[in-house]
Amino acid sequence: MSNNAFIEQLTNILPAGRVLSRHEDLTPYECDALTVLRERPLAVAIPETEDEILKILEICRQHSIAVVTRGAGTGLSGGARPVAGALLISMMRFNRILEIDEDNLTALVEPGVRNLSISEAVADKGLYYAPDPSSQIACSIGGNVAENAGGVHCLKYGLTVHNIVGMKIITMDGQVHTLGNNTMESPGYDLTALMNGSEGMLAIITEIRVLLRVKPPVARVILAAFDDIEQAGDAVSEIIKAGILPAGLEMMDGDAIRAAEDFAHAGYPLDAQAILLCELDGLEAEVSTHTKTLEKLLHVQGATEVRVSKNDQERQRFWAGRKAAFPAVGRISPDYYVMDGTIPRAALGTVLKQIGIWSEEYGLSVANVFHAGDGNLHPLILYDGNVEGEVEKAEELGLRILKLSVELGGTITGEHGVGVEKLDAMCDQFNSDELALFHAVKEAFDPQSLLNPGKAVPSLHRCAELGAMHVHNGELPFPELDRF
Amino acid sequence: MDISEQIQKQIISAARDKQALQIIGNNTKSFYGCNVSDANLLPLYVADHNGILDFQPTELTVNARAGTPLNEIISTLAEQRQMLPFEPPVFDNRATLGGCVASALVGPRRPWTGAVRDYLIGTRILTGDGKEIRLGGKVMKNVAGYDLFRPMAGALGTLGLMLDITLKLLPLPEHEASYSMSMDINSMQQLLRDLRRRSMPVSAASYHQGQLFLRLSGSTTSIDDAANYLPDEMKETTADYWHDLNEHKLSFFDVSTPLYRLVVPTFAPYDTFAGECLADWGGALRWIKTPLSLGEVQKHAADLGGTASAYRNDTQDGDVFSPLPGHLLDLHKRMKMVMDPAGILNPGRLYRDL
């Protein structure tokens, strides 16, 4: 049957305006926030009920047309980038908060609800939803689950997966499943965990039960400046060793500091080579004691300046620079490429040094922003897409950083997901047995491979081809580096 | 000691012969899960695969072989003032890390710190066809590939045999204090709500026969502050209580009749059916002794919005965990097929049909 017949069937299910198929209507859906990778979908469907999704999936099965689910489109790895010839389902009309359960500290929400609006909806009860990816003002909770999004408070409050207690999903065969429940445990396999970070490849999520937390009475940020970035890295380890668990522990290097300061006027010391932002939260007594301990510790670790936020306004200002780091860097360079590798904290100094060497080798500046407490790095590789060959150079440098992360015992992605962007890097992290297992999981949920096909897990064929390009005579790359 | 090669050989040969295996660490939880004593299972002993492989206090993680005794891990961590956040029961100091993760049984701290799956960051497993697979890693944030490591927690060994396990840790609290007083259910629930609203550093709360037990954890100053909010009748008591509760050494647990384990909403009503109840996790975990059958208890638990399992001394041969809807059980079976195609790893232990 033709595509026209498919689209006509869709228009029989959804009212006018909720099926898009004209060229100009599809353009906004060509990519997510990884804008270099674009693809036009066959059509866009915008359902608002579970029943509509079930009917859409039925037609897709009939025509063997693939489905890509999209939330707010803020993803950084192309997870929601359309697949050629596939239907894109936008979940943004699933935007209701269905229930707020104060006793169990949970809320039942639809996937199109914006991350920040959950916290806004429960603020009057003294509660909030903890995960706070930088895009929280725009990103949807469904997308957060699909990518297992992080943020700046993961060290203490976890990733998205730690803050989701259940969900309702629809598998490609049209079966509705409820996973988890509204208690602290549910019987059977933890498929809720499996759904987190599955990038829309196993099922479509229609409801999510999120965990809420009581807003801590006090939160304070310590800003410490260093004139040596490795010293700042060591200070991070010392803070952890001191038995204090900060709510957030972030680091920026000199280039990132200056870009952020210029953009957000956060009051960062412009001559510093690195700053640490360390948030402590909890009861006044505990926060005060820990603040004093850390002030001392940071001075001992060589901080040239230590400031403590005096009020919530100042705390927000300290964060504003960090949270605006990406757009800020966007102002100083025509283009930038964000990496997301995670490494054991102890390897921070090694990695920074190596990134510095490669930065010179490639002639591309790299501004570094880290979730230091989690060992999650966001090197921003600066390049100019109009200069021939620079995109390729940036991508190659990025891939080397990811390979290094894997070599040191880390991962290619801490919170942004694989999507289409890191498919090649997946071949470095996983062997063929492991990748085959991932494919088998996909098949168990979606035997026809109609949900977001080709994302997140590379084909063994693709890795074999890459492997042929990267043979190193059996030698370990970077033999000079310690392994952690 | 590393006996992974030997274990791998046993699994490969069992898969070839379609010989189902029963994974046994130190055999402290043989009572837990469905009764598989009638099945023709070949024991697979794994306790000798033990030893802490890596513990870096600055990383706040530990990596150990699955046969490592929990108490060895707990005391090693404590030397650096760190802990397993979910306070697992250690079953007379014999329980192993692998059994702890496979059963996902956790202690009184659970509501305030989280479950096993919340701290599991990676595991190396052998699948049912003997393939060695690394799931997750040793860093806290890792979203590459499907999350197949967290589902290992609570799968009772049915999805793979864990060789080694990496967990995220937490600092040991600087100080802890325990309290107790008698109060009625309403006052108890109200007090727990108040303490939570004020972000008081509660780390355990149990209730039995009108007696509330409470533990606070944190800096000395914050505990002093918090203690001021407690009713005057609240008396300081010994910390041993929590150990005895967690290890089922309290006289309440001294029974030969079935002991049921209910997980319900924290503030669900009590006394909706006949039986004696000891509540842990601030009320979210209820241990019940009752003449009712498992099916009846599960129905009552469902009415409260929760689930129930037969923990100990239940002699029937059916499923012991709350039943899954048919289509969800089918999805479980497909997952089991992926991880253990020959169906030889602990078959029937989690659900009879898995």
Might you check whether a residue that is in a helix (DSSP H, G or I) and either more than 11 Å from chain B (Cβ to nearest Cβ) or in contact with a helix residue (DSSP H, G or I) (Cβ under 7 Å, 6 or more places away or on another chain) (or both) occurs anywhere in the stretch A:444-451?
-> yes
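Name the residue that is nearest to the chain's Cα centre (by Cα), counting only residues in the stretch B:323-338 that are farther than 22 Å from B:V297 by Cα and more than 8 Å from every other protein chain (Cβ to nearest Cβ). Full working, then the answer.
From the stretch B:323-338, those farther than 22 Å from B:V297 by Cα are B:327, B:330-338; that's our starting set.
Narrowing the set further to residues that are more than 8 Å from every other protein chain (Cβ to nearest Cβ) leaves B:330, B:333, B:336.
On the way: B:D330: 25, B:K333: 23, B:K336: 21 Å.
Here the residue is B:K336.
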Some residue of the stretch A:137-145 being facing chain B (nearest Cβ under 10 Å) and either closer than 29 Å to B:L285 by Cβ or assigned to a strand (DSSP E or B) (or both) = no
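Conditions (1) crowded, with 18+ Cβ neighbours inside 10 Å; (2) within 14 Å of chain B (Cβ to nearest Cβ), marked per residue:
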{"position": "A:L270", "(1), (2)": "no, no"}
{"position": "A:D312", "(1), (2)": "no, no"}
{"position": "A:W319", "(1), (2)": "yes, no"}
{"position": "A:K323", "(1), (2)": "yes, no"}
{"position": "A:P334", "(1), (2)": "no, no"}
{"position": "A:V338", "(1), (2)": "yes, no"}
{"position": "A:L348", "(1), (2)": "yes, yes"}
{"position": "A:I355", "(1), (2)": "yes, no"}
{"position": "A:S359", "(1), (2)": "yes, no"}
Could we say that A:G385 is surrounded by fewer than 18 Cβ atoms within 10 Å (Cβ to Cβ) and within 21 Å of A:D32 (Cα to Cα) here?
-> yes
Output the residues belonging to the stretch A:295-322 that are of a type in the set (A, V, I, L, M) and either in a strand (DSSP E or B) or on the phi > 0 side of the Ramachandran plot (or both).
-> A:V306, A:V308
Filtering the stretch A:209-228 down to residues that are within 7 Å of another protein chain (Cβ to nearest Cβ) and assigned to a strand (DSSP E or B) yields A:V214
Could you tell me which numbered condition B:Y229 fails, if it satisfies all but one of (1) at pLDDT 95 or above; (2) farther than 24 Å from A:T413 by Cβ?
-> (1)
Look at the stretch A:249-294 and say how many of its residues are in a helix (DSSP H, G or I), more than 23 Å from B:S217 (Cα to Cα) and not β-branched (V, I, T).
-> 10
When residues of the stretch A:406-442 are filtered for being farther than 26 Å from A:A66 by Cβ, more than 8 Å from chain B (Cβ to nearest Cβ), assigned to a loop (DSSP other than H, G, I, E, B) and of a type outside the set (S, T, N, Q), how many remain?
-> 1
Tally, over the stretch A:186-203, of residues that are within 8 Å of another protein chain (Cβ to nearest Cβ) and either of a type in the set (D, E, K, R) or part of a helix (DSSP H, G or I) (or both) | 4
Of all residues in the stretch B:104-140, how many are more than 30 Å from B:M200 (Cα to Cα) and polar (S, T, N, Q)?
-> 2
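Take B:S37 and decide whether it is in a loop (DSSP other than H, G, I, E, B), more than 14 Å from every other protein chain (Cβ to nearest Cβ), within 30 Å of B:L259 (Cα to Cα) and out of contact with any strand residue (DSSP E or B) (no Cβ under 9 Å at 6 or more places or on another chain).
yes
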Which residues, counting only those in the stretch A:272-288, are within 14 Å of chain B (Cβ to nearest Cβ) and crowded, with 20+ Cβ neighbours inside 10 Å?
-> A:L280, A:D281, A:G282, A:L283, A:E286, A:V287
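Out of the residues in the stretch A:238-268 that are among the small types (G, A, S) and crowded, with 21+ Cβ neighbours inside 10 Å, which is farthest from A:P379 (Cα to Cα)?
It comes out as A:A247.
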Qualifying residue in the stretch B:50-73 (condition: β-branched (V, I, T), crowded, with 22+ Cβ neighbours inside 10 Å and in a helix (DSSP H, G or I)) | yes
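For the stretch A:34-47: of the residues being in contact (Cβ under 8 Å) with a residue 60 or more places away in the chain and surrounded by fewer than 20 Cβ atoms within 10 Å (Cβ to Cβ), which is nearest to A:L423 (Cα to Cα)?
My answer is A:L37.
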Residues (assigned to a loop (DSSP other than H, G, I, E, B) and either in contact (Cβ under 8 Å) with a residue 24 or more places away in the chain or within 14 Å of another protein chain (Cβ to nearest Cβ) (or both)) located in the stretch A:364-399 | A:L364, A:S365, A:G375, A:D384, A:G385, A:N386
Of (1) more than 20 Å from A:M252 (Cβ to Cβ); (2) touching a Phe, Trp or Tyr at 6+ places or on another chain (Cβ under 8 Å), A:V387 fails just (2)
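Answer with yes or no whether A:L26 is in a helix (DSSP H, G or I), among the aliphatic types (A, V, I, L, M) and within 30 Å of A:M339 (Cα to Cα). Break it down into steps so the answer makes sense when it comes.
Numbers: in a helix (DSSP H, G or I): yes; among the aliphatic types (A, V, I, L, M): yes; within 30 Å of A:M339 (Cα to Cα): yes.
In short, yes.
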Among the candidates A:T183, A:T178, A:T206, A:T160, residue that is more than 12 Å from the chain's Cα centre (by Cα), under 27 Å from B:V263 (Cα atoms), more than 8 Å from every other protein chain (Cβ to nearest Cβ) and of a type in the set (S, T, Y) | A:T206
In the stretch A:103-138, the residues that are of a type in the set (V, I, T) and modelled with pLDDT of 95 or more = A:T106, A:V109, A:V113, A:I118, A:V122
List the pairs whose first member sits in the stretch B:142-162 and is under 14 Å from A:N148 (Cα atoms), whose second member is among the charged types (D, E, K, R) and outside any loop (DSSP other than H, G, I, E, B), and whose Cβ atoms are under 7 Å apart, counting only residues at least 6 apart or on separate chains?
-> B:V143/A:E147; B:R150/B:R117
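Of B:T315, B:T307, B:T272, B:T290, which residue is within 28 Å of B:L161 (Cα to Cα) and either more than 9 Å from chain A (Cβ to nearest Cβ) or aromatic (F, W, Y) (or both)?
Selected residue: B:T315, the only one of B:T315, B:T307, B:T272, B:T290 that is within 28 Å of B:L161 (Cα to Cα) and either more than 9 Å from chain A (Cβ to nearest Cβ) or aromatic (F, W, Y) (or both).
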Are any residues in the stretch B:288-313 touching a strand residue (DSSP E or B) at 6+ places or on another chain (Cβ under 8 Å), of a type outside the set (V, I, T) and more than 26 Å from A:L179 (Cβ to Cβ), and if so, which ones?
-> B:K289, B:R312, B:N313
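Tally time: how many residues in the stretch B:260-288 are surrounded by fewer than 21 Cβ atoms within 10 Å (Cβ to Cβ), of a type outside the set (G, A, S) and touching a helix residue (DSSP H, G or I) at 6+ places or on another chain (Cβ under 9 Å)?
So the answer is 9.
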Search the stretch B:171-224 for residues being of a type in the set (S, T, Y) and within 14 Å of chain A (Cβ to nearest Cβ), and hand back the single one that is surrounded by the most Cβ atoms within 10 Å (Cβ to Cβ).
-> B:S222
Only one of (1) within 11 Å of chain B (Cβ to nearest Cβ); (2) under 19 Å from the mean Cα position of the chain (by Cα) is not met by A:G248, so which one is it?
-> (1)
Are any of the residues in the stretch B:322-337 assigned to a loop (DSSP other than H, G, I, E, B), touching a Leu at 6+ places or on another chain (Cβ under 7 Å) and at pLDDT 95 or above?
-> no
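The values are calculated or read from the model by the stated rules, or taken from the named source; none is laboratory data. Just so it is clear, the model here is predicted, and its values are computed rather than measured. When we count neighbours, we look across all protein chains shown, and the Cβ atoms used for this are built from the backbone with ideal geometry, even at glycine.
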